[in-house]
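This report concerns only the one structure given below.
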Amino acid sequence: MRDALSILASATILPPSATPSGDYRRRNRHSTTSTTTKPRPKPNPKQKPQFPASSPLLSSPRWDHRQRLTYYSQLASKLAEDGRFEDFLMIAESVVASGVKISEFLALLKSENVASGIVRVLREGKLSAAVDLLNNGIRKLGVEPVLLFDAVAVESLKAECRRLLKCGEVERLASLMEIFAGFQFPIKELVEPSEVINLCINKRNPTAAIRYAQNFSHAEVLCCSIILEFGKKRDLLSALKAFEASKQNMSSPNMHSYRTIIDVCGLCGDYLKSRTIYEGLLAENITPNIYVFNSLMNVNSHDLNYTLDIYKKMEKLGMMADITSHNILLKSCCLAAKVELAQDTYKRIRELESKGVLKLDDFTYSTIIKVFADAKMWKHALEIKEDMVLSGVIPNTVTWSSLISACANAGLVEKAIVLFDEMLQAGAQPNTHCFNTLLHACVEVCQFDRAFRLFQCWKEKGFQQTISNDKLKNADKFEAVDRMTEMGVPHRLCSHLTMRVPFRPTISTYNIMMKACGTDYYRAKDLMDEMKTFGLTPNHISWSIMIDVCGGSGNVLDAIQILTSMRESGIQPDVIAYTTAIKICVERKKPKLAFMLFAEMKKYQIKPNMVTYNTILRARSIYGSLQGVQQCLAVYQHMRKAGYKPNDYYLKQLIEDWCEGVIQTECQNKGQFASHTTDFGRQSLLLEKVTEYLKDSNGSLFIDLRGLTKVEARLVVLAVLRKIKEKYAAGNSVKDDLFIILGQQQHGARATRDEIGVRDAVTRLLQHDLALQVYETGSRSGNEPSRGNQGSPRSSGLDLEVVENGSLAETSESPTRRPIALQRLVVTRESLHHWLQRRTVLSKR
DNA sequence: ATAGGGTTAG
């Protein structure tokens, strides 16, 4: 125990003699808002203070009881304010030991000083130790610490909370709250809980949010909403942290938080994580509840097999799958487009219903309707509607929407409109979503006028409703209906629209309508402006549609310009916007612009996708020149590097067409080979070779046909010949024989059938179709009539067994190379000359 | 406490 004297000595406070007791005033403990001061309540006169003799100061005859108490409470207040809670407690203990009631002491204590002392140690980061001390010390004196804080203290604490809120000091705020919650203080009074939680979420501080939430009795619910909020912000990492933090201080696993984090995984697109979480539960031998199972199935619903596995797992555990589980299973079938499985599932659910186990709901019916809608089975969809009505489930807006799209997807606009009408008759409230479906139905079948009439009519009626409410006079109404009927809107539809379809368009509405503009760029532009008057901002899709509409009107340059407008309006063009623009260029036969845009994508680091590549490669007919083909091949290589499978149909077509162009007029039966299709797995080799041989840098007259089929070999030879021809036309004559490697033979082994096939096909092409002079050589190089062989046969990227100057591996140290002899064809330079002179003008394609 | 519908590029 420390000496009270030393405490007094260090306390910077005036002796009580300088403080007239009657003058001492303190603020009223019970006032909540008023800051005015009141005289402090007089101590109970019956109270006879008994100060122990051991405390000389307390028993000093110079002071009366009240003076002493006032002095010590002031001293204690000061000590608390300085954060010296140990000393503060010692005073309190001495006072109590002297026989004074603690409540009397507390009544005199300046509790705002205690509060600010706590704030002070909080700022110094030494809060918890100090508070533990205070908490225990005060409790030991038989008082709840909450009594330390009166209205004034609460006000100062509130102010501190507001300050911490404003500064975004969530950690400190959470600490403060934890402490006061520990005092059994109603912390809800200090600051609005949602404000604290929102701040923690905005500050991306999941642990502070959870720490705060755990001070409340409904912590589980709060923790779940925190996890969900992070999910809504697509911040899975923080959500997971919140989830982990919420597991602390939790006696039993909280299934609610498990299902929430699983839902959040779905929101954030990380379905694999949801599986990990589920497996974690299993590993701990915890059986998830049905909500966890349903959420897991839902998050993984795009993976039918997994969903089915979970469904079976539930069965194995003897857990009754409820209607939600079944609905999710149906949804999974729907996403996988497994119509039959969906039908079976639907039947099974119906059976369960007839046994009284389940009750089908609007979700069930709407989902199976969507299955049929997607499969264009509109009749089946309508049958489900009958089932639904018979079992007494009322179709809702979503059900009607799905039914309308069932007809729309099948191209039945009339039926879609009849259904819409029926929906209104049935008293269902259509919403914008539903209206969009209907408008889209019209656009899908190119009934643009009809889309506009409906749109116009919806807009007018919607306005009237909002402007004049229901005060619309009957006469006006009839007039409006007449006008709409004139516009071709069904009469019944008009009257319903007049009554209750408010016009609340979305971006989608305008996007659909912009599509309905076809190639009328100015109309689409007007719609875009109109959209802004409704407070809607065009999105990526709007801009892409604008590019399409503008380009469709033939205005390629303006269409490209839209990419810039888009960027200027704050929306970075995405891969779709660029692909659309490239499509326009290709359609309008502007390959150079298309390639320019393609290059621009690289500049803006927009990765082309399969559609982009196919779009730019599509217009093969417009690339007639070697340069064009080279550009295409470069795109092709780019594509492979980006990891796309080289199964490109267009490019093969391009090469075939271009190569065949060599003999277009010389060979009548050219279709014979061109009609063959090489199988996709082998194309990469073919295309690689063509790409290699067509490079400008590759000047050698050398072709390696090993590994190719005869159709492919023919293409490669034709490609090289075509290149020679184009080079010749540009003034480069042939200076060498053309070497063609067919295959290799080990010692006396016979050539394979394939190799013979290739040799025959190529020989026939060269000799018969093109009348070139060809001879075959199977022996070692050097035996054929030599012409210096300047063109090096070594070609980059190809591993050849031929070394320079035609001598085969004489200097090689590898013994395995020695016996290899190359089967090759040689096309003489003279005959190539003749061939070139025969047709110096390239056939125009 | 659970789930569902419409729009963009081949």
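All of the numbers you see were taken from the coordinates with simple rules; none came from a lab. Everything numeric here is computed off the predicted structure, so don't read it as measured data. Neighbour counts are summed over all protein chains in view; Cβ atoms, including those assigned to glycine, are modelled from backbone coordinates with ideal geometry.
Between Rg and the Kirkwood Rh of the stretch A:162-313, both from Cα atoms, what is the Rg to Rh ratio? Kindly include the intermediate steps, with their values, before the conclusion.
Working: Rg = 16.7 Å, Rh = 16.1 Å.
Rg/Rh: 1.04.
Taking 0.36 nm per residue of sequence separation and removing the Cα-Cα distance, the A:I286/A:K592 pair yields an extension gain of 103.9 nm.
When every alpha-carbon pair in the stretch A:156-201 is counted, what percent end up more than 17 Å apart? Considering the stretch A:156-201, 19 percent of its Cα-Cα pairs are separated by more than 17 Å.
Site pair A:Y604 and A:A634 shows an inter-label distance of 2.1 nm when each label is modelled 7 Å from Cα along Cα→Cβ.
Which order do peptides A:266-275, A:79-88 fall in by mean Cβ count within 10 Å, highest first?
Packing order, densest peptide first, comes out as A:79-88, A:266-275.
Dimensions of the stretch A:364-421 based on its C-alpha atoms, expressed as ranges along the principal axes with the largest first, amount to 29, 23, 16 Å. Stretching A:K525 away from A:K166 to a fully extended chain increases their span by 124.8 nm, per 0.36 nm per residue minus the current alpha-carbon distance. When only alpha carbons are used to place a centre, the stretch A:557-604 and the stretch A:112-166 end up 63 Å from one another.
Under the definition of Cα pairs under 8 Å and six or more residues apart, what whole-number percent is the relative contact order of the stretch A:236-279?
On the way: 21 pairs, mean separation 15.7, N = 44.
Rounded, it is 36 percent for the stretch A:236-279.
For the stretch A:90-179, the percent of C-alpha pairs falling in each 5 Å distance bin, counted from 0 to the bin holding the largest distance, reads 3, 13, 24, 24, 18, 10, 6, 3, 1, 0. When the Cα atoms of the stretch A:229-348 are aligned to their principal axes, the ranges along those axes come out at 47, 32, 20 Å in descending order.
Based on the inverse mean of 1/r over its pairs of different Cα atoms, what is the Kirkwood hydrodynamic radius of the stretch A:343-450, in Å?
Working: mean 1/r = 0.0711 Å⁻¹.
Answer for the stretch A:343-450: a Kirkwood hydrodynamic radius of 14.1 Å.
Computed on the stretch A:88-151, with alpha-carbon pairs under 8 angstrom and 6+ residues apart, the relative contact order is 41 percent. In the calculated pair-distance distribution of the stretch A:139-251, the portion above 22 angstrom amounts to 33 percent of the Cα-Cα pairs. When the listed pairs A:K689/A:K725; A:K347/A:K515; A:K370/A:K515; A:K247/A:K338 are checked against a 28 Å cut-off, the alpha-carbon distance exceeds it for A:K347/A:K515; A:K247/A:K338. Computed extension gain for A:D387 through A:N198, at 0.36 nm per residue and net of the alpha carbon distance, reaches 63.4 nm.
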